[in-house]
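Accompanying notes for the structure given below.
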Amino acid sequence: MATSMAAALAASLPAPAAAPAPAAPTYEAIPASMSKVIDIEAEIPLTSVQLDGMVVTKILKHTIESPSTTAHGLLLGLDLDGTLEVSNSFPLPHHGSEEDDRSSKSVGE
């Protein structure tokens, strides 16, 4: 029985090993001194929002530079004991057309 060279080569290779299962993530316990302040389960309602001065400046700059009437971005911060402390902001680029801008202006009026 004649076998092809490819079949003979494939037969000589070791069987592929199964991929190892990924390890389960491990979580560090929150220190007891911080457990009353950090609200992991969002059980404490927000009572105030604290904005860093640089955040306000970056929001204003992005709003002024936005080519349309709306500006979009992301806020970064922590929920500590019912106070949302916003420490940074990141602008998102504008991807609309002039027609989108006109339709958003007419909706707002």
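The requirement of being loosely packed, with under 10 Cβ neighbours inside 10 Å, part of a loop (DSSP other than H, G, I, E, B), over 23 Å from the mean Cα position of the chain (by Cα) and at pLDDT below 80 is fulfilled nowhere in the range 4-12; no residue meets it. Within the range 56-71, being touching a residue at least 24 places away in the same chain (Cβ under 8 Å) and touching a helix residue (DSSP H, G or I) at 6+ places or on another chain (Cβ under 7 Å) holds for Ser68, Thr69, Thr70. Pairing each residue of the range 41-54 that is in a strand (DSSP E or B) and at pLDDT below 85 with any residue that is among the aromatic types (Phe, Trp, Tyr) and surrounded by fewer than 10 Cβ atoms within 10 Å (Cβ to Cβ), provided the two are 6+ apart or on different chains, yields no C-beta distance under 6 Å.
The values are calculated or read from the model by the stated rules, or taken from the named source; none is laboratory data. Keep in mind that this is a model prediction, so the values were computed, not measured. Virtual Cβ from ideal backbone geometry, glycine too; neighbours counted across all protein chains shown.
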